[in-house]
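Undergrad: Before we start, here is the structure in question, set down as structure tokens.
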Amino acid sequence: MRLTFDWRPLTLLGVLGFASSAMAADNTDFTETQQLYEQHCTVCHGAQRIGGAGPALLPESLGRIKKAEASKAISEGRPASQMAAYKDILSPAQIENMVEYLYTPSENPPSWSDADTRNSHHILADLSTLATTPQHTSDPLNLFVVVEAGTHHVTVLDGDTFESIARFQSHFALHGGPKFSPDGRFVYFASRDGWVSKYDLNNLTMIAETRVGLNTRNLAVSNDGRWVLAGNYLPGNLVLLNASDLTLVKSIPTIGADGTSSRVSAVYTAPPRDSFVVALKDTKEAWELSYAGTPDFTPRRIIAQDFLDDFSFTPDYRYLLATSRKAHGGQVIDLDTGKSITDIPLPGMPHLGSGIYWKRNGEWVFATPNISKGLISVLDLKTWKLIKEIPTEGPGFFMRSHINSKYAWTDVFFGPNQEVVHLIDKQTLEIAHTLRPMPGKNAAHVEFTNDGSHLILSVWDTDGALIVYDAKTLKEVKRIPMNKPSGKYNVGNKIEFAEGTSH
Ligand code: DHE
């Protein structure tokens with residue numbers, strides 16, 4: 001298997017038709033920097049900065065990385081990769097200019113075609129020769145797939161012993177939840193710079209990879225295990241792959257009924273509907289693509305009241321609860337009738353994609369964190385009315401629970417109280433406990449074991465950790481040092497689309 005980034009400090013191979021202008025929009029002259037890029041970076045990062053063996057270096061794909069971090073990576077190299085240190089090759093001023101250059105949009109926007117996707121496809125293991133049963137002694141339904149954002153690795157963790165059973169390098173900057181085949185054997189990852197990878201949890205080996213675009217949002221796997229659908233920002237489209245080997249079936253440009261070419265905000269599978277549901281970011285539409293029978297993947301257009309960001313479903317998958325970031329609120333769309341039925345009065349910037357639901361007094365409620373305000377909004381899923389706003393110590397990113405847990409866990413991802421995690425009593429809707437897992441460090445994403453007896457929390461720091469808690473006593477059971485662990489995904493919870501976890 002070869003999934004390592006090959007960021008070698010090789011010298012120039014050739015100018016390779018580098019098309020973008022040497023002048024930025026603000027008239028900064030990048031002529032020298034562009035030559036340095038061609039000399040030192042092109043071989044791994046591509047002539048148009050679209051990536052190759054190394055990641056893409058475009059503003060669209062570097063958006064989550066601070067300029068200071070990029071500067072450090074160029075000066076000092078990156079651990080656990082082949083990115084070399086350039087501090088003895090480039091002057092500090094040249095490094096700073098390089099950072100500015102990488103964060104400047106190209107005047108000739110790079111393109112990614114179906115032919116590029118086909119050419120990027122690699123089979124990394126012959127599935128027909130691999131065992132169909134787990135080649136390890138762990139419970140396959142209680143494995144955790146852990147994304148290590150700091151080192152671009154993935155760890156497969158036994159959910160009973162909390163020991164690692166495999167660890168491998170991923171593509172650069174995985175984002176969104178990895179998604180599983182219906183039997184839990186395969187897991188599919190998407191990286192921000194467009195790589196989709198398929199990994200076999202039975203044999204602990206990578207099976208295939210394909211690059212579907214230059215800036216990808218996330219992917220979904222059909223509930224029959226046949227299809228993978230990835231949603232892209234760049235180019236604005238959906239890319240349909242055969243789940244078996246990640247070969248391209250087709251790409252579908254996301255063009256609204258009014259002709260607007262749109263980025264894709266997010267794509268999810270809706271199992272009871274046998275369909276993928278897609279939110280578009282630049283045109284007021286949601287799309288539903290059926291995968292029942294012999295599908296042709298013609299999108300059914302649902303006209304929305306606003307531009308859509310991330311979204312969640314109601315437990316029966318009839319309604320879609322979508323964030324409208326421009327309107328700073330939410331909207332509910334009935335997927336059966338294709339009508340927007342109501343706005344949800346939510347302050348700040350709710351993060352509905354991270355919302356979870358549970359039963360309270362016999363009725364479904366839905367709770368969502370908010371990435372700009374320190375509160376959790378709890379909604380009644382029958383009336384769409386706000387039941388409560390629970391004040392927290394700051395804006396949060398993720399929520400998690402389990403049907404067997406009394407509590408909904410939520411982080412305080414932003415602001416001075418990042419070290420805090422709140423446990424909300426799911427019946428009283430009061431904060432029952434506030435924990436500080438590693439004082440001074442950012443407590444973040446949580447995921448429960450399949451039986452809900454334990455949970456794992458990420459401390460999102462270079463010197464961070466996974467912390468395992470007993471879900472009832474709230475006692476720490478184990479601490480595993482890790483560099484910026486981000487999401488963790490329990491196979492059983494994911495394939496059951498369990499209450500309390502992300503879908
Ligand atoms: Fe995410 C999931 C959108 C920034 C870490 N994030 C998602 C999903 C969406 C989304 C639509 C659901 C996809 C899925 O699971 O298939 N995220 C966005 C944004 O719009 C936002 C705010 C800005 C952006 O640049 O994309 C954003 N996200 C971040 C981060 O800064 C995080 C903290 C670090 C990172 O990796 O970039 C981050 N997002 C995550 C994680 C999940 C996620 C760990 C999966 C959560 C889960 O439990 O399933």
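Every number in this text was worked out from the coordinates using simple rules, so none of it is lab data. Not measured: the values here are computed from a predicted model. Here the Cβ is made from the backbone with ideal geometry for all residues, glycine too, and neighbour counts use every protein chain on show.
Undergrad: Taking the residues in segment 155-189 that are basic (Lys, Arg) and in a strand (DSSP E or B) as candidates, determine which candidate is surrounded by the fewest Cβ atoms within 10 Å (Cβ to Cβ). Give the derivation first.
TA: The first filter runs over segment 155-189 and keeps only residues basic (Lys, Arg), leaving 167, 179, 185.
Then keep just the ones that are in a strand (DSSP E or B); that gives 167, 179.
Details: Arg167: 14, Lys179: 25.
Among residues in segment 155-189 that are basic (Lys, Arg) and in a strand (DSSP E or B), the one surrounded by the fewest Cβ atoms within 10 Å (Cβ to Cβ) is Arg167.
Undergrad: Restricting the first residue to segment 404-421 and requiring it to be closer than 25 Å to Asn450 by Cα, which pairs with a second residue that is of a type in the set (Lys, Arg) and within 13 Å of the ligand (Cβ to nearest atom) meet a Cβ separation below 7 Å and a spacing of at least six or different chains?
TA: Sorted first by the residue in segment 404-421, then by its partner, the pairs are Trp409/Arg400.
Undergrad: Let me ask something else about it. Which count do you get for residues in segment 244-274 that are within 16 Å of the ligand (Cβ to nearest atom) and either crowded, with 19+ Cβ neighbours inside 10 Å or among the aromatic types (Phe, Trp, Tyr) (or both)? Before you say what the answer is, go through the steps one by one.
TA: Of segment 244-274, the ones within 16 Å of the ligand (Cβ to nearest atom) are 254, 262-271.
Those left that are additionally either crowded, with 19+ Cβ neighbours inside 10 Å or among the aromatic types (Phe, Trp, Tyr) (or both): 254, 262-270.
Residues that pass the stated criteria total 10.
Undergrad: Quick one: count up the residues across segment 190-233 that are within 16 Å of the ligand (Cβ to nearest atom), assigned to a strand (DSSP E or B) and β-branched (Val, Ile, Thr).
TA: Number satisfying all stated conditions: 4.
Undergrad: What strands (runs of 3 or more DSSP E) lie completely within segment 276-340 and have 3 or more residues being under 23 Å from Trp364 (Cβ atoms) and under 19 Å from the mean Cα position of the chain (by Cα)? I'd like the intermediate steps shown before the answer.
TA: Numbers: elements: 285-290, 300-303, 311-313, 319-324, 329-334.
Here the list reads 311-313, 319-324.
Undergrad: Would a scan of segment 361-370 turn up a residue that is in contact (Cβ under 8 Å) with a residue 24 or more places away in the chain, part of a loop (DSSP other than H, G, I, E, B) and within 16 Å of the ligand (Cβ to nearest atom)?
TA: Yes: one or more hits.
Undergrad: Same structure, new question: Does Leu214 meet the test of being surrounded by 24 or more Cβ atoms within 10 Å (Cβ to Cβ) and either within 14 Å of Ser61 (Cα to Cα) or in contact with a His (Cβ under 7 Å, 6 or more places away or on another chain) (or both)?
TA: On the way: surrounded by 24 or more Cβ atoms within 10 Å (Cβ to Cβ): yes; either within 14 Å of Ser61 (Cα to Cα) or in contact with a His (Cβ under 7 Å, 6 or more places away or on another chain) (or both): yes.
Yes.
Undergrad: I'd like the residue in segment 387-433 that is in a strand (DSSP E or B) and hydroxyl-bearing (Ser, Thr, Tyr) and, out of all such residues, is surrounded by the most Cβ atoms within 10 Å (Cβ to Cβ).
TA: We begin by selecting, within segment 387-433, every residue in a strand (DSSP E or B); these are 387-391, 399-400, 407-411, 421-425, 431-433.
Pick out the ones that are also hydroxyl-bearing (Ser, Thr, Tyr) and you get 407, 410.
Details: Tyr407: 22, Thr410: 28.
My answer is Thr410.
Undergrad: Hey, can you tell me all the residues within segment 457-479 that are buried (at least 18 other Cβ atoms within 10 Å of the Cβ), away from the ligand (no atom under 12 Å from the Cβ) and touching a residue at least 60 places away in the same chain (Cβ under 8 Å)?
TA: Our first condition is that a residue be buried (at least 18 other Cβ atoms within 10 Å of the Cβ); within segment 457-479, this holds for 457-461, 464-469, 471.
Now drop any that are not away from the ligand (no atom under 12 Å from the Cβ), which leaves 457, 459, 461, 464-469, 471.
Result: Gly464, Leu466, Val468, Ala471.
Undergrad: Another question, if that's okay. Residues Asn119, Asn108: which one is free of Cβ contacts under 8 Å to residues at least 12 places away in the same chain, more than 30 Å from Asn450 (Cβ to Cβ) and either out of contact with any Asp or Glu (no Cβ under 9 Å at 6 or more places or on another chain) or part of a strand (DSSP E or B) (or both)?
TA: Numbers: Asn108 fails: free of Cβ contacts under 8 Å to residues at least 12 places away in the same chain.
It is Asn119.
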